[in-house]
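Read the structure below first, then the notes.
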Amino acid sequence: MESVLEHRYSFLTPPPPVAESDITETVEVDIVVAGAGLAGLVAALRASELGASVAVLEKTKSWNVRGGHISAVNSRLWREAGVVNDKKEFVRQWIALCGNRAREEIVWLYANNSEEAINWLLDHSEAHGNTPRLGAPRYVGPTYTEMYGALLFKIQNTGRHLYEDAVKLGARYYFETPAKQLEKENGRVVAVIGKGPNGYIRFRAKKGVILATGDIHGDKEMLAAYCPIFLKVKNSQYTPVGANTGDGHKMGLWAGGMMEDKPLPTIMHPQGYNRLQSFFLFVNTRGERFMNEDTWCQAKSLNVLKQPGNVDYAFAIMDADWREQLIQGMPYSGGLFNDNSLSVYGEPFTGEREQGFLEMGLKNGTVQQADTIEELAEKIGVPPHRLRETVDTYNEMVEKKDDTQFGKRAELLFPIKKPPFYASKFGPAMLAVVGGLITDTRLRVLDKEYRPIPGLYAAGNVAGGLYGVDYPTLIPGNSHGRALTWGYLAARFAIEDGEEA
Ligand SMILES: Cc1cc2nc3c(=O)[nH]c(=O)nc-3n(C[C@H](O)[C@H](O)[C@H](O)COP(=O)(O)OP(=O)(O)OC[C@H]3O[C@@H](n4cnc5c(N)ncnc54)[C@H](O)[C@@H]3O)c2cc1C
């Protein structure tokens, strides 16, 4: 919720309305979608299928998708493979992982609707010959075990056919036309003003406006306001670079909406610098161990950011047998960025991609190799005597199969004795901020009195409530899963509510 101090942030002040004389064109449709990422693409196609006329405003030259995993709590394909998740168990674990800060009704909205949404996507994908594979990554820790449910899509194909299918049904896409402002009449959001290449366009929405403009990570002031930890992360892997500046969040706030409590949750996976790190010994720039490496991907990123030296990286230390150790330990760990993240259910883990990460790292300097620990320390700029001590202490605990320092499971303790030794530099990459405007379970943006703002919906990363302090990978691919499910639902909700209005 807004703090009294937030008046100092410039983005909270709405811009002056665009002068009537500057509006060069008016487009009138049932549904206006702002943003053509996954949430917007899905919303546009679904609304078109349901018989609505649709206009989509997109800031960049094209629609945009990235990554690969899309998940749902259950799906047709996973059921065929014999895997069915218990929704109640999923929700219970999710809420605990989110520190009780997720909105429970929103978590249930996801649990109850993600299967229908992904089956709908599967129907479309299969019609285009794009059948996803079952994604294998899931972390299997002693107290926290992830669930199967990720589907590995050729996601650029997915983006293309969502776009083309919608266009076939009459949806009109306006590229290089950022949404700038919302217009309200009698409390209802009735239009979006977009700035096209030839001037301002008024997009009137008879039934509803769906904000799907992605996250806030491209606006440093918004990051400072809502999630300052992201300002520490130097690597961003978001595409399109610079496009996501929280425009939907801002327009929602100007229309009377409110943000969920901060700090907002972030996706930051250990894919900055080199991806090779897994469960090996981690040391900071002082050569000190700082965590139990036997954990899931977000935890590693967050712990690296707590280290001294104002850096956003640490080092994974390995010996010559690292690849065999990785294969041996994988059944006890797993999960995104413990293995290579692209592994497929039922296929054996070979460490081949990790070998590629190592070789690439040796070429680009993110992996160093040496015949002694001291020489390795010199190469990565940490005090040699300290790294020697850390490795010796670690080896003693490996021998006793008892990590008295940080409690790593014995199955993941491997000696660091056989040269050559390797140090892989790893750290978090900024993927997305997954928090935003508070909505109800019809994805209507709520005002400060928790009343829906008529005509205004939030989908994907514009919407808040699903996550809490963190981004759980309980089923990897759930950020896409949320974008898909929210886009799918928002289209129907906006049409139904618009018909009643
Ligand atoms: C490298 C990488 C890999 C990832 N892999 C995965 C994965 O495998 N699984 C997963 O679940 N998540 C993954 N994510 C996260 C995921 O991609 C996003 O969280 C998710 O796609 C968000 O979808 P969205 O539709 O809300 O936003 P986006 O996909 O960011 O789309 C927002 C769109 O709105 C446009 N836009 C912005 N402002 C305006 C405006 N004012 N007017 C009009 N248009 C505007 C943008 O140009 C963009 O096209 C990954 C992220 C990265 C960076």
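The figures follow:
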read-out: Kirkwood Rh in Å, taken over all unlike Cα pairs in region 365-501; value: 19.7 Å
read-out: Degrees separating the helix 478-500 axis from the principal Cα axis of the chain, which is the longest one; value: 10 degrees
read-out: In sequence order, calculated HN-Hα J values of region 19-25 (Karplus, 6.51, -1.76, 1.60; Hz; x Gly/Pro); value: 5, 3, 5, 8, 7, 9, 7
read-out: Taking only Cα atoms of region 233-297, radius of gyration then Dmax in Å; value: 17.5, 51
read-out: Rounded to whole Hz, the Karplus (6.51, -1.76, 1.60) HN-Hα couplings of region 144-154, x for glycine and proline; value: 9, 10, 7, 10, 5, x, 6, 10, 9, 8, 7
read-out: Extent along principal axes [Cα atoms of region 76-128; Å; largest to smallest]; value: 40, 21, 14
read-out: DSSP-defined beta bridges in the chain - what % are antiparallel, rounded to 5; value: 65 percent
read-out: Amide H contacts of LYS408 (H built 1.01 Å from N, under 5 Å, at least 5 apart or other chain); value: ASP403
read-out: Degrees separating the helix 87-97 axis from the principal Cα axis of the chain, which is the longest one; value: 70 degrees
read-out: Dipole magnitude of the chain about its Cα centre (Cβ charges: Lys, Arg +1; Asp, Glu -1), debye to nearest 20; value: 480 debye
read-out: Nearest-0.05 FRET efficiency for THR143 and ARG353, computed from C-beta distance (R0 22 Å); value: 0.20
read-out: Cα extents of region 267-430 along the three principal axes, largest first (Å); value: 44, 36, 28
read-out: Relative frequency of Cα-Cα separations exceeding 22 Å in region 199-353, percent; value: 55 percent
read-out: For GLY196, distant residues with modelled amide H under 5 Å away; value: ILE201
read-out: Shape parameters for region 300-349, alpha-carbon atoms, Rg then Dmax in Å; value: 13.8, 42
read-out: Only Lys, Arg (+1) and Asp, Glu (-1) charged, at Cβ; region 109-170 dipole about Cα centre in debye; value: 240 debye
read-out: Helix axis angle, 104-127 relative to the chain longest principal axis, alpha carbon, degrees; value: 90 degrees
read-out: Packing-based exposure ordering (other Cβ within 10 Å, fewest first) of SER62, SER21; value: SER21, SER62
read-out: Span from the region 1-74 Cα centroid across to the region 125-149 one, whole angstrom; value: 29 Å
read-out: Calculated [θ] (222 nm, deg cm²/dmol) that DSSP helices of n ≥ 4 give over the chain, each run adding -39,500 (n - 2.57); value: -10000 deg cm²/dmol
read-out: Hydrodynamic radius by Kirkwood, which averages 1/r over all alpha carbon pairs of region 93-224, in angstrom; value: 19.0 Å
read-out: Descending semi-axes in whole angstrom, ellipsoid equivalent of the chain, from the Cα gyration tensor; value: 44, 24, 20
read-out: Over 31 Å between alpha carbons, listed pairs LYS61/LYS184; LYS87/LYS306; LYS379/LYS408; LYS154/LYS262; value: LYS87/LYS306; LYS154/LYS262
read-out: Principal axis dimensions, largest first and in whole angstrom, of region 450-501 by Cα; value: 39, 22, 13
read-out: ³J(HN,Hα) computed for each position of region 56-71 - Karplus, 6.51 cos²θ - 1.76 cosθ + 1.60, integer Hz, glycine/proline x; value: 10, 9, 10, 5, 9, 7, 8, 5, 9, 9, 7, x, x, 7, 10, 10
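Any read-out appearing in this document is the output of simple, stated calculations on the displayed coordinates, not a laboratory observation. Note that the structure is a prediction, hence the values are computed from the model and not measured. All Cβ positions, glycine included, derive from the backbone under ideal geometry; neighbour counts span all protein chains shown.
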